[in-house]
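Quick notes on the structure that follows.
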Amino acid sequence: MDTHTVTINAAFLREIKDDDVQLKTLLEQARAICDSSALADISASRFTKLLADLRDHLAMHFALEEAYGYFDDPLSVAPHLSEQAESLRTQHGQLYGELARLAETAQDISRRDSDPRAIRNLARCFMEFHDRLQQHEEDENELIMEALYVDIGGSG
């Protein structure tokens, strides 16, 4: 029987999330561009650079979370926290892959004629990604709060 479990180091994970100002800034810039009339004025190359920068920062953010915020096979962990932690950690690869594909699509668009429809479609896809990433971050924050509660003696 496989008893693989995962838990989080809530304090480190919280600090990683709070300190990543650059990631938050890039996400806000991309969201603002996609969510406004500014999309019509942005060049494909500028949007491509923004998505590439965002991809790189997200990779670092997830790497830090996985290196310092998640632990395999802890000595003791509430089973439901372990399941949530494993699910959220798995989402890192999925979310990164999605953003990497968006950045690659943006690069392809900027290499050829910048069809406004292609940029609008890319912006729509980015907004869908942004919503999924925000939900992931909210779910991690809830897990952090629950793990901290269990650590201080609450029932988990």
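The values are calculated or read from the model by the stated rules, or taken from the named source; none is laboratory data. For clarity, every value in this text was computed on a predicted model and none was experimentally measured. Note that we place each Cβ from the backbone using ideal geometry, even for glycine, and neighbour counts take in every protein chain shown.
What the table shows:
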read-out	value
Sole residue being assigned to a helix (DSSP H, G or I), within 20 Å of the chain's Cα centre (by Cα) and crowded, with 18+ Cβ neighbours inside 10 Å, chosen from Leu64, Leu143	Leu143
Exclusive hit being modelled with pLDDT of 80 or more and under 14 Å from the mean Cα position of the chain (by Cα), set Leu13, Leu26	Leu26
Asp131 part of a loop (DSSP other than H, G, I, E, B) and loosely packed, with under 12 Cβ neighbours inside 10 Å	no
Flag if Asp18 is part of a helix (DSSP H, G or I), of a type in the set (Asp, Glu), under 18 Å from the mean Cα position of the chain (by Cα) and at pLDDT below 90	yes
Any pair with Cβ under 8 angstrom, 6 or more apart, that starts in region 73-88 at a residue that is assigned to a helix (DSSP H, G or I) and ends at one that is loosely packed, with under 12 Cβ neighbours inside 10 Å and at pLDDT 85 or above	none
Pairs, first polar (S, T, N, Q) in region 93-121, second crowded, with 17+ Cβ neighbours inside 10 Å and not in a loop (DSSP other than H, G, I, E, B), C-beta under 6 Å, six or more apart	Thr105/Leu122; Gln107/Thr48; Ser110/Ala44; Ser110/Thr48; Ser114/Ala44
All positions within region 33-50 that are at pLDDT 90 or above and farther than 15 Å from Ala118 by Cα	Lys49, Leu50
